[in-house]
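Chemist: Here's a structure for you.
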Amino acid sequence: MAASNSENVKPRLYLHIGTPKTGTTAIQNFLPLNKKLLEEKGFCFPDFGYRFYGVNQYRNAHFMVHRKICKPEREAEIRQAEDERFYEGLDRIKELADFFPNIIMSDENIWNGYKNRENFWQVLKSALSERGIDLKVIVYLRRQDLVVESYYAQRVKIKVNDEFQNYLDSEDITYFKLDYYTQLKEIEQAIGKENIIVRVYEKKQYEGNGNTLISDFLNTLGLELDERYVSSDIVVNTRLQGKYLEIKRIFNGIDIFRTRKDNWAARYLKICQDEEEKIKGSLKCDYFTYEQRAAFLEKYKEGNQAIAREYLKREDGILFRAGIRKRDRENSDKDYSAEELVFICGKVLELHNEEMRNKLSDMKAELDSVKRELGYERRSLKKKFVEKIYHTLFK
């Protein structure tokens with residue numbers, strides 16, 4: 001543990017709130033890998049031991065907004081327990097602040113889910129202030145159309161079988177708070193604009209040594225990425241593209257494919273996609289038509305410009321610098337033949353059969369081993385039984 005924070009510097013909580021689909025898992029995996037080095041620099045990424053079903057353990061701020069679905073008769077009891085955990089967590093942050101001047105917490109669900117707790121931002125800022133802790137909120141913003149495409153791919157990978165055009169009209173779209181400006185102004189009213197750090201999830205806008213998402217995040221903390229930091233080799237949230245996603249979407253019309261438990265079809269499709277990408281390069285695919293994309297982004301144009309001017313001090317009002325590509329074909333997500341789809345399905349079946357054969361082979365080997373052990377035990381018991389009869393009859 002770092003030395004006690006005794007320099008009369010007010011400790012600070014850096015609360016990273018996503019938004020979702022902005023590399024939050026990569027950041028959350030990086031921080032515990034470099035826990036010791038960060039602590040030497042006065043930054044603590046704590047694990048309070050809170051665990052929630054389906055939630056990455058490194059989303060260490062999730063306890064602040066978690067709401068368990070429960071029966072009406074138990075709601076008062078459950079909500080009280082959640083409130084107790086909320087303040088317990090803040091007390092534990094206060095204890096850590098006696099040793100570390102900077103605490104890092106992260107959970108992308110706060111961006112969408114802070115309204116689960118009434119007056120969340122006001123309550124949080126007040127409670128931290130009472131404990132002598134300043135609050136800084138870090139938020140990454142991704143261009144709205146790309147968020148929708150990314151989330152669509154994620155949902156299809158699990159279970160959705162709507163075509164993209166129909167998906168745009170579904171309730172799923174409302175899950176993300178894509179009016180970033182309105183959302184930021186709500187947070188600002190509670191904690192002040194000076195306490196919000198806005199970053200753009202765009203490769204060419206990353207700052208810091210190496211111009212990566214990780215270097216950019218460290219930069220917001222006043223740290224610089226160098227060779228002492230360890231990076232994870234694990235690729236998270238892998239995404240199916242184009243024809244591979246289309247096959248999974250069609251598969252999802254069959255119940256056995258709509259599952260998180262053993263999403264084998266998605267695994268095999270990703271293997272096939274990786275093999276093709278090694279030969280052809282990235283298979284990125286558009287789901288919006290050019291006209292749809294332009295119209296979709298137009299809804300957020302004024303808000304995005306206001307964010308650029310007010311939070312990033314950009315006189316040009318440009319928040320996202322990557323332009324949108326104009327494609328000749330009407331629906332770029334349909335740029336493949338039936339023959340290609342059938343061929344990939346065949347590859348998936350081949351991979352599945354191979355895995356099943358390997359499992360059967362392993363099970364047979366295990367069964368043979370058990371049979372040998374049983375045979376040995378049977379012979380041993382038979383010998384002991386004969387010896388017992390012999391001693392009974394002749395002694």
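Laboratory data are not the source of any read-out in this text; all were calculated from the coordinates shown. These numbers were taken from a predicted model, which means no experiment stands behind them. Using ideal geometry, Cβ is built from the backbone for each residue, glycine included, and neighbour counts are taken over all protein chains shown.
Chemist: Just need log10 I(q)/I(0) for the range 353-394 at q = 0.22, 0.26, 0.33, 0.35 Å⁻¹, Debye formula, equal scatterers on the alpha-carbon atoms, no solvent, rounded to two decimals.
Modeler: Once normalised to I(0) and log-transformed, intensities are -0.72, -0.81, -0.96, -1.00.
Chemist: Then there's this: Using +1 at the C-beta of Lys and Arg and -1 at the C-beta of Asp and Glu, which of 375, 360, 385 has the Cα lying farthest in the positive direction of the dipole of the range 353-394?
Modeler: Among 375, 360, 385, the one farthest towards the positive end of the dipole of the range 353-394 is 385.
Chemist: Further question on the same structure: Helix 242-251 against the longest principal axis of the chain: what's the angle in degrees, Cα atoms only, rounded to the nearest 10?
Modeler: Compared with the principal axis, the helix lies near 60 degrees.
Chemist: With viscosity set to 1.306 mPa s and temperature to 10 °C, compute the Stokes-Einstein D of the range 1-160, Rh being the Kirkwood radius across alpha carbon pairs; µm²/s, no decimals.
Modeler: Roughly 94 µm²/s, to the nearest whole number.
Chemist: Next question, about the same structure. Please check which bits of the range 240-255 a label hung off residue 203 would reach, taking the label as a point 7 Å along Cα-to-C-beta and the cut-off as backbone N under 18 Å.
Modeler: What the label zone holds, given the 18 Å backbone N cut-off, is 240-242.
Chemist: Mean shadow of the chain, computed from the convex hull of its alpha carbons, in nm²?
Modeler: Reported value for the Cα convex hull: 31.5 nm².
Chemist: Shifting gears a bit: Can you give the extra length, in nm with one decimal, that the chain gains between residue 232 and residue 168 once fully stretched, where that is 0.36 nm per residue apart less the Cα-Cα distance?
Modeler: 19.6 nm
Chemist: Taking Rh as the Kirkwood radius, which is the inverse of the mean 1/r over Cα pairs, what is the Rg/Rh value for the range 152-250? All intermediate terms of the calculation are to be shown ahead of the outcome.
Modeler: Working: Rg = 18.4 Å, Rh = 17.1 Å.
Using only Cα positions, Rg/Rh for the range 152-250 is 1.08.
Chemist: With 22 Å as the limit, write out which pairs from 36/68; 36/193; 204/299; 193/313; 204/301; 243/278 have Cα-Cα distances beyond it, or answer none.
Modeler: 36/68; 36/193; 204/299
Chemist: Given springs between every Cα pair under 10 Å in a Gaussian network model of the chain, which of 98, 134, 368 has the largest fluctuation?
Modeler: 368
Chemist: Quick one: among 168, 184, 374, which has the greatest mean-square fluctuation in a GNM of the chain with alpha-carbon springs under 10 angstrom?
Modeler: 374
Chemist: In percent, what relative contact order does the chain have, based on Cα pairs under 8 Å that are 6 or more apart in sequence?
Modeler: Relative contact order of the chain: 18 percent.
Chemist: Calculate for the chain the 222 nm mean residue ellipticity that helices alone would give, adding -39,500 (n - 2.57) per DSSP H run of length 4 or more and normalising by residue count, nearest 500 deg cm²/dmol.
Modeler: -16000 deg cm²/dmol
Chemist: Beta carbons within 10 angstrom, averaged per residue: use that to sort the peptides 189-201, 20-32, highest first. Don't jump to the answer; show the numbers that get you there.
Modeler: Details: 189-201: 16.8, 20-32: 20.2.
Ranking, from highest mean packing down: 20-32, 189-201.
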